[in-house]
Amino acid sequence: MNDNSHQNPVIPSRQANPFASCWTRPGTIPFQFPADVSPEILLNDLAAANWWGEIVGAHGSGKSTLLESLKPWLVAAGRSVSAFTLRDGERRLPPDFLRTACTAPRPLVIIDGYEQLSMIYRLYLRNCCRRASAGLLITSHVRVGLPLLFHTQPNFALATLLVSNLTAHISSPIGIADIAASHACHGSNVRELLFALYDRHERLVRTTTIAG
């Protein structure tokens with residue numbers, strides 16, 4: 001009987017697809033900053049606005065990814081970061097979240113999906129942050145009245161770069177025509193674009209396997 005224990009384990013199929021969520025969720029892909037923007041620049045802009053700012057962009061355009069990329073820089077700047085991501089239908093934050101966040105030293109409250117909050121709760125949140133001298137950094141699909149920190153506007157060149165980075169270590173039959181087709185369907189929604197490429201990759205791999 002052959003002992004194959006020394007061989008590398010087989011990678012599960014979802015991890016063999018470079019567009020699987022384990023490779024593409026926020027925090028796994030570094031945000032691709034434009035040539036004229038950097039974390040240092042955004043940090044300086046946020047500090048100049050007394051640590052209040054908004055990141056604005058369409059659904060799936062990279063707002064959450066930008067937040068994840070900025071968090072280490074914010075912590076390195078001495079801010080106590082307390083972050084919460086709102087889901088559809090959530091109109092307020094958990095009862096103890098603000099209390100804990102605002103009593104930390106040099107607090108910075110981060111709310112991903114700010115537009116989910118009710119108008120009354122938005123006022124309450126801002127008042128709490130002001131009273132605690134806390135920073136407030138949010139993401140939203142539209143402008144909500146905070147100083148604009150960044151507007152996410154991904155384009156085809158960015159989509160191509162992301163695919164190139166994702167397939168650098170895990171090969172894929174996805175080509176430039178597939179990227180163009182997905183971009184034509186989903187535009188600035190990078191999340192949906194990558195989801196579509198996940199399905200396209202699976203179909204192409206199955207077709208190749210059957211043909212082989």
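Data table
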| read-out | value |
| --- | --- |
| Unmet criterion (only one of (1) under 30 Å from Pro105 (Cα atoms); (2) open to solvent by 40 Å² or more (accessible area, probe 1.4 Å); (3) of a type outside the set (D, E, K, R)) for Leu149 | (2) |
| Hey, Thr139 of a type in the set (S, T, N, Q) and under 16 Å from the mean Cα position of the chain (by Cα) or not | yes |
| Members of the range 161-212 that are among the hydroxyl-bearing types (Ser, Thr, Tyr) and either closer than 17 Å to Thr28 by Cβ or touching a helix residue (DSSP H, G or I) at 6+ places or on another chain (Cβ under 6 Å) (or both) | Ser164, Thr167, Ser172, Ser182, Tyr198 |
| Residue list for the range 126-143, filter: farther than 20 Å from Arg79 by Cα and loosely packed, with under 14 Cβ neighbours inside 10 Å | Val142, Arg143 |
| Flag if Ile111 is β-branched (Val, Ile, Thr) and outside any strand (DSSP E or B) | no |
| Among the residues listed as Pro154, Pro107, the single one being open to solvent by less than 30 Å² (accessible area, probe 1.4 Å) and modelled with pLDDT under 95 | Pro154 |
| Selection within the range 19-44 - assigned to a loop (DSSP other than H, G, I, E, B), open to solvent by 20 Å² or more (accessible area, probe 1.4 Å) and of a type outside the set (Val, Ile, Thr) | Arg25, Gly27, Pro30, Phe31, Gln32, Phe33, Pro34, Ala35, Asp36, Ser38 |
| Flag if Ala47 is small (Gly, Ala, Ser), assigned to a loop (DSSP other than H, G, I, E, B) and more than 17 Å from the chain's Cα centre (by Cα) | no |
| Subset of the range 70-104 [in a loop (DSSP other than H, G, I, E, B), open to solvent by 40 Å² or more (accessible area, probe 1.4 Å) and either in contact (Cβ under 8 Å) with a residue 24 or more places away in the chain or aromatic (Phe, Trp, Tyr) (or both)] | Arg87, Asp88, Gly89, Glu90, Arg91, Arg92, Thr103 |
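The values are calculated or read from the model by the stated rules, or taken from the named source; none is laboratory data. Quick caveat: nothing in here was measured; it's all calculated off a predicted structure. Every residue, glycine among them, receives a Cβ derived from its backbone with ideal geometry; neighbour counts consider all protein chains shown. What goes into the accessible areas is simple: the full protein's heavy atoms, side chains included, and nothing from ligands, DNA or RNA. Shrake-Rupley method; radii C 1.70, N 1.55, O 1.52, S 1.80 Å.
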